[in-house]
1. Just give me the residues in the range 51-81 being closer than 17 Å to Ala32 by Cα and of a type in the set (A, V, I, L, M, F, W, C), in sequence order.
2. List pairs: first residue in the range 36-48 and under 14 Å from Ala9 (Cβ atoms), second residue crowded, with 17+ Cβ neighbours inside 10 Å and of a type in the set (Phe, Trp, Tyr) anywhere in the structure, Cβ distance under 6 angstrom, at least six positions apart or on different chains.
3. Filter the range 34-60 for residues that are in a loop (DSSP other than H, G, I, E, B) and within 14 Å of Arg17 (Cα to Cα) and give the result.
4. Inside the range 25-35, can you point out the residues that are surrounded by fewer than 19 Cβ atoms within 10 Å (Cβ to Cβ) and in contact (Cβ under 8 Å) with a residue 12 or more places away in the chain?
5. Search the range 9-31 for residues being assigned to a loop (DSSP other than H, G, I, E, B) and touching an Asp or Glu at 6+ places or on another chain (Cβ under 9 Å), and hand back the single one that is nearest to Lys58 (Cα to Cα).
Amino acid sequence: MTAPSTVAAWRKHAACRGIDPEVFYPATDEEADEAKAICAMCPVRQACLEHALAHREKEGVWGGATERERRRILRQRRKSA
C-alpha cells in the first residue's frame, strides 16, 4: 500500500487541481473529452492512472482513462502476466 504522503505528493502536481470535480465524472464515456484533455497535459498522469488501477476506482476519469478503459488495461495486464 502506498503511504499517504506519497499519494499526496503526486496529487499536489496534478493538472486537475482546482478544477470542478464534476468534469471528471461525466455521465457517459463519450462526454469524457474535457477531462481527458486536462489529463493529457498532466505531469502526474501515469501515477494517477496507476492509483486508479490499484484501487479499482469504479467511476470517473483517472489518468486519462475512463472506467471502461481501465478495465481493458487490467484485462490486458492479466493476459500478459
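1. Ala52, Val61, Trp62, Ala65
2. Val44/Trp10; Ala47/Trp10; Cys48/Trp62
3. Hits for the range 34-60 are Met41, Cys42, Pro43, Val44.
4. Tyr25, Pro26, Asp29
5. Tyr25
Taken together, the values in this text are just the output of simple stated rules run on the coordinates, not laboratory data. For clarity, every value in this text was computed on a predicted model and none was experimentally measured. A quick note on method: Cβ atoms are made from the backbone with ideal geometry, for glycine too, and the neighbour counts reach across all protein chains shown.
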